[in-house]
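Structure record follows, encoded as structure tokens.
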Amino acid sequence: MPGLVVVGAQWGDEGKGKVTDLIAERADVVIRYQGGNNAGHTIVRDDEVYKFHLIPSGILYPGKLCLIGNGVVVDPKVMIEEIAGLHSRGVDTSGLRISANAHVIMPYHLLLDHAGEARLGKLQIGTTRRGIGPCYADKAARLGIRVQDLLDEKILRKKIYTAMEPKRQSLRPYAKDPALDLHTMTEEYRTYGHQLERFIDDTPRVVWEALDRDSVVVFEGAQGALLDIDHGTYPFVTSSNTVAGAACAGAGVGPRQIDDVWGIAKAYTTRVGAGPFPSELDDELGDRIREKGGEYGTTTGRPRRCGWLDLVALKYGARINGLTGLVVTKLDALSGIAELGLAVRYKGPEDAEFEEFPYHQTMVHKARADYEMLPGWEEDIGGARTLEDLPQAARNYLDFISDFVGVPIVLVGVGPGRDQVIWTGADSERYIPAPAAPEAA
Ligand code: GDP
Ligand code: IMO
Ligand code: MG
């Protein structure tokens, strides 16, 4: 103990990478437990920008144990490129470990992801097209290839054959694609196995041992609560459970190993891809927030849809994750807006009102946010390091969020830089990195 889960409390891209990097300083282990390279986690250190899709956001600390858990889906090619990219920038990856039980994204998963979206046409989900959904589907169908299979040519060939057989029909348009040739694929993935072999490990054991030593273990989530396959805005979701509970299954620990769950939320809301978004600002103000917040996807470069902070969805996110703390990021991006909207309920058809996030998809699709408007602030707040440094209006805005959601704010982001944070003093001492520790500590 202690185990801290970092999860996205909205629709992803809340700043999980930055927060994970910050608290990883005091941790022995950082582990990704779900998702794959659909994630894009950005860290800014001394004006240098690092973007991670698979590698946990603790890797910038030399030798830090950074684990890819069994719940993650791994594209080995992307993994190898990411490792090479880090080496070329002088980053030590000796602490990296990959679960032997993690599932592997294969060329047919990528093709099926593309084909599935094309087939849906106007109804498409807007996936990242990284093969995530088809890979998780094979895992559930027990046709998956696991990382350990990359180490045995005979097993690998047999499993690829077995996995491709039922897909013959859907893969027919790609029949001539050389990437789908059984021999070529086996050879290629065998090579990836060789290249990754030194990283492959029994990751749950690494986590148990760290917890037994009383070290901090950070479970780094990907995506966000509203993209959860069970609790999100289905079918406009990703294909894994993104909620904190998934950290247990995806890393191999029990719920009693988790002490804290921090939900990361932007001071406003964004979403990439299709699906309902009740507080969306499809206007000039939305464009302004997009530019101010640099809201373009880390993985696909797509412009993110922007809107006011949706407190109905955030409160729901707090519930399904069991949040113990809230991190509000990108407060700085709201400077200069005279009035700020906070969605406090939804209005539906026929004067229906929803105080809670509706469980029925038709209602979520038709819901329009109803706002409480709070005064904004003009000042640039990028230099604020304590709550007292913030304008009163910004403090009121934070208080309103925390009161509504019923979760204390532990950390506030006022810029992309590592030091551009405010620790609020809420119960978090054991995670605060040394240089930013309050004077009393
Ligand atoms: P993640 O997927 O949750 O890790 O988030 P992304 O990295 O996809 O997107 C968050 C973006 O916001 C990144 O470019 C971060 O560098 C940036 N960021 C994080 N926190 C803050 C903040 O408090 N203020 C500003 N201006 N940018 C931030
Ligand atoms: P991070 O970890 C934001 C979205 C996609 C699409 C839906 C399904 O950086 O927060 P998928 O490729 O997973 O099948 O796509 O989920 N999506 C994300 N949106 N941030 C992410 O990750 C996302 N990962 C997937 O845009 O709407
Ligand atoms: Mg992201």
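The values are calculated or read from the model by the stated rules, or taken from the named source; none is laboratory data. Treat the numbers as computed from the prediction; the structure is a model and nothing was measured. FYI the Cβ positions are ideal-geometry reconstructions off the backbone, even for glycines, and counts take in every protein chain you see. Heads up: the accessible areas ignore ligands, DNA and RNA and are worked out on the full protein's heavy atoms, side chains in. Shrake-Rupley method; radii C 1.70, N 1.55, O 1.52, S 1.80 Å.
At 7 Å along Cα-to-Cβ for each site, give me the label-to-label distance between A434 and K176 in nm.
Once both label points are built, they end up 6.2 nm from each other.
Only four residue types carry charge here, +1 at the Cβ of Lys and Arg and -1 at the Cβ of Asp and Glu. Report the dipole size of segment 175-234 about the Cα centre in Debye, rounded to the nearest 20.
Result for segment 175-234 is approximately 120 debye, rounded to the nearest 20.
Of all DSSP beta bridges in the chain, what percent run antiparallel (nearest 5)?
Restricted to the chain, the bridges split so that about 40 percent are antiparallel.
For segment 157-183 and segment 191-245, what is the separation of their C-alpha centers, rounded to whole Å?
Rounded to whole Å, the Cα centres lie 28 Å apart.
Going highest first, how would you order 306-314, 130-138 by mean Cβ packing within 10 Å?
On the way: 306-314: 26.0, 130-138: 23.6.
Result, highest mean first: 306-314, 130-138.
For a 22 Å ceiling on Cα separation, which of these pairs sit above it: K292/K315; K18/K64; K77/K330?
Too far apart for the 22 Å limit: K292/K315; K77/K330.
So what are the ³J(HN,Hα) numbers for segment 48-65, from phi and the Karplus equation (6.51, -1.76, 1.60; θ = phi - 60°), rounded to whole Hz, Gly and Pro as x?
3J(HN,Hα) across segment 48-65, in whole Hz: 8, 9, 10, 10, 10, 10, 10, 6, x, 6, x, 5, 6, 8, x, x, 4, 6.
As I understand it, the value is the acute angle between the Cα axis of helix 284-293 and the longest principal axis of the Cα atoms of the chain; what does it come to in degrees, rounded to 10?
Between helix and principal axis, roughly 70 degrees.
With each run of n ≥ 4 DSSP H residues scored as -39500 (n - 2.57), what mean residue ellipticity at 222 nm is computed for the chain after dividing by its residue count and rounding to the nearest 500 deg cm²/dmol?
-9000 deg cm²/dmol
Quick one: helix 107-120 against the long Cα principal axis of the chain, what's the angle to the nearest 10°, folded into 0 to 90?
60
Probe radius 1.4 Å, ligands and nucleic acids left out: which of W208, W11 has the largest accessible area, and how do the rest follow?
Working: W208 105, W11 10 Å².
Order by accessible area, largest first: W208, W11.
Give me the accessible area per residue for the chain, probe 1.4 Å, as a whole number in Å².
So the chain comes to 42 Å² accessible per residue, rounded to a whole number.
Fully extended, how many nm does the chain gain between D212 and R129 (0.36 nm per residue separation, minus their Cα-Cα distance)?
Length gained between D212 and R129: 26.0 nm.
Evaluate the distance, in nm, between pseudo-label points positioned 7 Å from the Cα of H360 and of R89 along their respective Cα→Cβ axes.
4.8
Extension gain E388-S402, at 0.36 nm per residue separation less the Cα-Cα distance, in nm? Please report the intermediate quantities before stating the final value.
Numbers: separation 14, 0.36 × 14 = 5.04 nm, distance 1.68 nm.
Contour length minus the Cα-Cα distance gives 3.4 nm.
Over all directions, the average projected area of the alpha-carbon convex hull for segment 49-190 comes to how many nm²?
Numbers: hull surface 38.3 nm².
Seen from a random direction, the Cα hull of segment 49-190 projects 9.6 nm² on average.
For A137 and L120 in the same chain, what is the full-extension length gain: residue separation times 0.36 nm, less their Cα-Cα distance, in nm? Present the calculation step by step, with values, prior to reporting the outcome.
Values: separation 17, 0.36 × 17 = 6.12 nm, distance 1.73 nm.
Taking A137 through L120 to full extension adds about 4.4 nm, to one decimal.
Could you tell me how many degrees, from 0 to 90 and to the nearest 10, lie between the Cα long axis of helix 182-196 and the main elongation axis, the longest principal axis, of the Cα atoms of the chain?
Taking Cα atoms only, the helix is inclined about 60 degrees.
Can you pull the percent of the chain's accessible area that's carbon plus sulfur, 1.4 Å probe, other chains left in place?
Carbon plus sulfur share of accessible area: 51 percent.
What list of whole percents do you get for P(r) of segment 315-393, with Cα-Cα distances grouped in 5 Å bins up to the one holding the largest distance?
Reading the bins upward from 0: 3, 12, 17, 17, 16, 16, 11, 6, 2, 0.
Beta carbons within 10 angstrom, averaged per residue: use that to sort the peptides 399-406, 331-338, 281-288, 270-277, highest first.
Ranking the peptides 399-406, 331-338, 281-288, 270-277 by packing returns 270-277, 331-338, 399-406, 281-288.
Using only the C-alpha atoms of the chain, find the volume of their convex hull and express it per residue in Å³.
It comes to 140 Å³ per residue, whole-number rounded.
What do you get for chymotrypsin sites (Phe, Trp or Tyr not before Pro) in segment 339-373 restricted to DSSP loop and a cutoff of at most 15 other Cβ within 10 Å of the site's Cβ?
Here the chymotrypsin sites (Phe, Trp or Tyr not before Pro) that fit, given the DSSP loop and packing criteria, are Y359.
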